[in-house]
Amino acid sequence: MAGTSSPVPQVHVLATGGTIAGAQIQDRARGYKAAAFSVDALIAAVPQVAELARIDVEQVAAIGSQDMDDETWLKLAARTQAALDRAEIDGAVITHGTDTMEETAFFLNLVVRSEKPVVLVGAMRPATAISADGPMNLYNAVAVAAYPEARGRGVLVVANDEIHFAREVAKTNTTQVGTFRSTHRGLAGLVNGGRLHLYAPAVRRHTYRSEFSVENLTRMPRVDIVYAHAGMGRGLIDAAVEGGAEGIVIAGVGDGNIAAPAQRAAADAARQGIVVVRSSRTGGGVVERNIEVDDDRLGFVTADELNPQKARVLLMLGLTRTRDVAALQELFYTY
Ligand code: ASP
């Protein structure tokens, strides 16, 4: 359990939009608009954060996270790194939509070089909703970012009183506040009204021990995800190749399987030097090599435990360093 250390910690808040900054368009209206409020308004709604840390803020983007893209990731990585490199900053909080939060969190987990806590936070209910979850989530996120023992644990996601590791967390429900789950290796901890309970550290390499850097990049390699299903043909894989994908992640059925015509298309792609990663659409488990698919012969990589969207992030970063299939497979066992 923790309070805050003395002198008062300083937390840098980077805002990107999302439902946490969302507003109902009209009173009692059903819909809402993400990213309607500025970061200053978000902080002003939770004056209690001043008890935890001194806050400075920066608006990096104002989007629903369904519109998160490579360019914004590169900008966010640079701005987060710049904040953490300042000696007086103890940690960073990033406000973000929940739809793609797990992807952004994992991306930053692989490219930000710092032991200081980086905490992504969002909300399932817009700021104007009854019982909005954003203010408490934001308060808890600042508490985690300000807490010295949260250092060295990689990028974290805070929501619904839970602390998740970037690698483990996934959004699992369209609307409920308990949407985030870490099914494989469990929670990083709990945070109750700003009081932290941290569990075992992250198992895989991240942040300050990561080999990836996006410092000089202006674009990322294109990696497409192709979703498998009964009766799958080769069309979507061929379309990804024709569209210029450098890598293809297959959200396979079961243990990362795909129907024979699609597998032939994937093997053709691999022969052309396009990296094919087999992941699973099941939402859990390890995709093992060479079980029903002869990965060694076909030149495929398997995603280990990563879900398709996180396998895509790791493959994009992997392709900035190598196209060697064995080396890329090793990355999936390391991160
Ligand atoms: N569509 C929103 C977003 O990801 C949903 C949310 O934030 O909960 O930005």
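Read the figures in this text as sums done on the coordinates, not as results from a lab. Bear in mind the structure is a predicted one, so any value in this text is a computation, not a measurement. Methodologically, a virtual Cβ is constructed for each residue, glycine included, from the backbone with ideal geometry; neighbour enumeration extends over all protein chains shown.
For Ser114, the residues 5 or more places off, or on other chains, whose built amide H falls under 5 Å of its own are Tyr208. Note that segment 10-19 has calculated 3J(HN,Hα) couplings of 10, 10, 9, 9, 10, 9, 10, x, x, 5 Hz, one per residue in order, obtained from phi through the Karplus relation 6.51 cos²θ - 1.76 cosθ + 1.60 (θ = phi - 60°); glycine and proline are x.
Residues considered: Asp296, Asp99, Asp70. Largest GNM mean-square fluctuation over the chain, using C-alpha springs under 10 Å, is found at Asp296. If you take the Cα centroid of segment 173-216 and the Cα centroid of segment 102-143, the two points sit 10 Å apart.
When the square roots of the Cα gyration tensor eigenvalues are ordered a ≥ b ≥ c, the ratio a/c for segment 22-83 is 1.5 or more and a/b does not exceed b/c, which makes its shape oblate. Largest GNM mean-square fluctuation among Val111, Val293, Val144, using the chain with Cα springs under 10 Å: Val293. Relative contact order, whole percent, for segment 30-169 stands at 24, derived from Cα pairs under 8 Å and 6 or more residues apart. Temperature 4 °C, viscosity 1.567 mPa s: under these conditions the Stokes-Einstein estimate for segment 201-240, based on its Kirkwood radius over C-alpha pairs, is 91 µm² per second. Panel note: the C-alpha atoms of the chain, placed on their principal axes, show extents of 59, 45, 34 Å (largest first).
Taking segment 167-207 and a reference point 7 angstrom along Cα→Cβ of Thr320, the backbone N atoms nearer than 20 Å belong to 167-168, 204-207. When a/c is below 1.5 the answer is rounded, else prolate if a/b is larger than b/c, else oblate, so apply that to segment 62-122 with a ≥ b ≥ c taken from the square roots of the Cα gyration tensor eigenvalues. Prolate. Between Glu292 and Gln176, the simple label model (points 7 Å from Cα in the Cβ direction) yields a spacing of 2.9 nm.
From Cα pairs below 8 angstrom and at least 6 apart in sequence, can you work out the relative contact order of the chain, rounded to a whole percent?
On the way: 773 pairs, mean separation 47.1, N = 335.
Dividing the mean separation by the residue count of the chain yields 14 percent.
Shape of segment 149-190 from its Cα gyration tensor (a ≥ b ≥ c, root eigenvalues): rounded if a/c is under 1.5, otherwise prolate when a/b > b/c, or oblate? It comes out prolate by the Cα gyration axes. When you filter the trypsin sites (Lys or Arg not before Pro) in segment 244-335 for DSSP loop state and at most 13 other Cβ atoms inside 10 Å of their Cβ, you are left with Arg321. Asp56: net charge of surrounding residues, Cβ under 15 Å, Lys/Arg +1, Asp/Glu -1, itself excluded? Taking every Cβ under 15 Å from that of Asp56, the sum is -1.
Using a Gaussian network model of the chain in which every pair of alpha carbons under 10 angstrom is joined by a spring, one finds that among Leu108, Leu314, Leu42 the greatest mean-square fluctuation is at Leu42. Each Lys or Arg adds one and each Asp or Glu takes one away; over the other residues whose Cβ falls under 12 Å from the Cβ of Val8, this sums to -2.
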